[in-house]
Amino acid sequence: MLNKKEQTSAVGKLNLQYIIGMKLRNFRQEKGLGLKQLSSLTGLSASYINEIEKGKKYPKAEKIMLLAEGLGVNYDDLVSISMTGRLGQMSKLFFSSSVLGSFPFQLFGITFENVMELFTASPKKAAALITTLMEISRAYDMNVEQFFLASLRAYQEMHNNYFEDVEELAEQFAREQKWIRFPPPTPEELIETLHQLHSVEARVADFSEYPELTGQRFIFLPGKPSQLLLNDQLAPSQHVYSMALQIGYSELKIHNRLRTSPRKNFDSFDQVMDNFRASYFAGALMINRFQAKEEVQELFQSETWNGDSILELLNRHSVTPETFLHRLSQILPGIFKITELHYLRFEHLVGRNEIQLTKELNMPRTLVPSGVRLKEHYCRRWLPVSLLQVLEGKRQNGDFKKILIRAQRAKFMESGDEVLFISIAHSLRLRTKMNRCVSLGLRVDNALKRKVKFLNDPQIPVIEVNQTCERCPLENSQCSERTVPPSVYIREKQEELLNKRLKQLVTDYRGKNLKI
């Protein structure tokens, strides 16, 4: 993969030939000339002109002069990088785009030339498309960083969220350190490893003197040696992940690592991808895929659901609920071939009605409906949502350290999909009024029924759910959990009735049965 500097350079080099290609096509179409007609006027072959228009070739000066004379325009009109009208809009929107400059199209099997050929084919329509996409992003308050993260999710889904090369690198590193699976490496061992191999001095630090920094899990200070400051308010398992992440950065030769966590922002897609790969390495280092395979098989073969067994696995691996379930979202597709799953992370500020979806991975994307971009209210019957409400009640009774683990079979009313939710809710250490619930959802089909024996355990409730309260057809008497009126459902039904009446009117009018 090209790094950011190399790709930006490639974009700049290709811009000139694509710009002249777009301008040549635009001038030719304005003059009403076909390729053969322009060929006759210039003495250049139609195929050669076509290659110029597609951005595949940049003509020499004498050939540009022939093209300018044939089109009846000035030489400078063709070679100038400035563009006016709709072409000018596209130049401003597309060529100067921070997304284009850093987005690695090749990860998705698309070359930069493919993209530019698409845009040179019809620049006016391309400009309209870009403008439309920008308007949509503004309407949904989606910035460039969110676009990068959405692109990363698409990349993960395309690969079933399983990356063999990173798995092997993590396993090789563990073997070299002579780390056995259990017990996992201690914080002291990781501190020594960072010091000896990567010249990083890791230590627990008190951030309380810097109020703006108290929400950070770690702060990385580059230097010789570099410093990794770990927030003393976090649990040892969270320190372990932060150190494993730094090992991932170093072993994967990633130099532009994040300085803080949670991250403030991502400047490019490369940075998003680098952080993802380092995070994947950290998870693979903490939870070996083959050991996890044995544990998950044992869990799936049980005839009864036992949330405590998952809690035991968290303690055995010394990981957080987020790390454990997110790691399963990699292992289940990669090892067990369970590819129709999702990973969701919800957060709820105590005392507020809003519940936010702060992280998601959905394979396929139709598995769990999402209304987060529309600022709707998720169905309170979903396990991850209802579990946050249960946790809030626990906190009101003074229980701040409780970790809740539940399972649910949710049947979505509209799609007919059935999903096994495994959800874990807990309070955050650094945000005292914030609760979090992470959830792994598996589509219930015949294949899953064969693999998961506890699916029919009567302890697991089977609940009918919907997308959001705004889209739910249930009456208030049928759903005590409703938070807001079904405004979207009512509007859609009104539109459906209107269309029905219009069709009836057309039928009556054609049959001359319309009463005036």
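Label-to-label distance, Leu197 versus Thr507, with points set 7 angstrom from Cα along the beta-carbon direction: 7.3 nm.
Among the GluC sites (Glu not before Pro) found in the range 428-476, those both in a DSSP coil and sparsely packed, with 12 or fewer other Cβ atoms within 10 Å of their Cβ, are Glu475. In the complete set of protein chains, residue-level accessible area for Lys503 is approximately 150 Å², probe 1.4 angstrom. Using every pair of separate Cα atoms, the Kirkwood estimate puts the hydrodynamic radius of the range 359-500 at 16.7 angstrom. Legend: calculated FRET efficiency, Glu294 to Leu430, from the Cβ-Cβ distance at R0 = 35 Å, rounded to 0.05, equals 0.55.
On a 29 Å Cα-Cα criterion, which of the cross-link pairs Lys293/Lys449; Lys178/Lys453; Lys337/Lys411; Lys54/Lys253 come out too long? Too far apart for the 29 Å limit: Lys178/Lys453; Lys54/Lys253. Amide H contacts of Thr260: Phe220, each under 5 Å away and 5 or more positions distant or on a separate chain (H built 1.01 Å from N in the peptide plane; Pro and chain starts excluded). Remark: the Glu157-Glu303 segment gains 49.5 nm on full extension, using 0.36 nm per residue and subtracting the alpha carbon distance. Bridging of Lys36 to aspartates and glutamates at a Cα separation below 20 Å is possible for Glu51, Glu53, Glu62, Glu69, once same-chain residues fewer than 8 apart are set aside. Taking 20 Å as the straight-line reach from the Cα of Lys394, the aspartates and glutamates in range (excluding those fewer than 8 positions away in the same chain) are Asp308, Glu347, Glu354, Glu481.
The values are calculated or read from the model by the stated rules, or taken from the named source; none is laboratory data. All of these numbers come straight from a predicted model, not from anything done at the bench. Because the Cβ atoms are built from the backbone with ideal geometry, glycine has one as well, and the counts that use them run over all protein chains shown. Heavy atoms of the whole protein, side chains included, go into the accessibility calculation; ligands, DNA and RNA do not. Shrake-Rupley method; radii C 1.70, N 1.55, O 1.52, S 1.80 Å.
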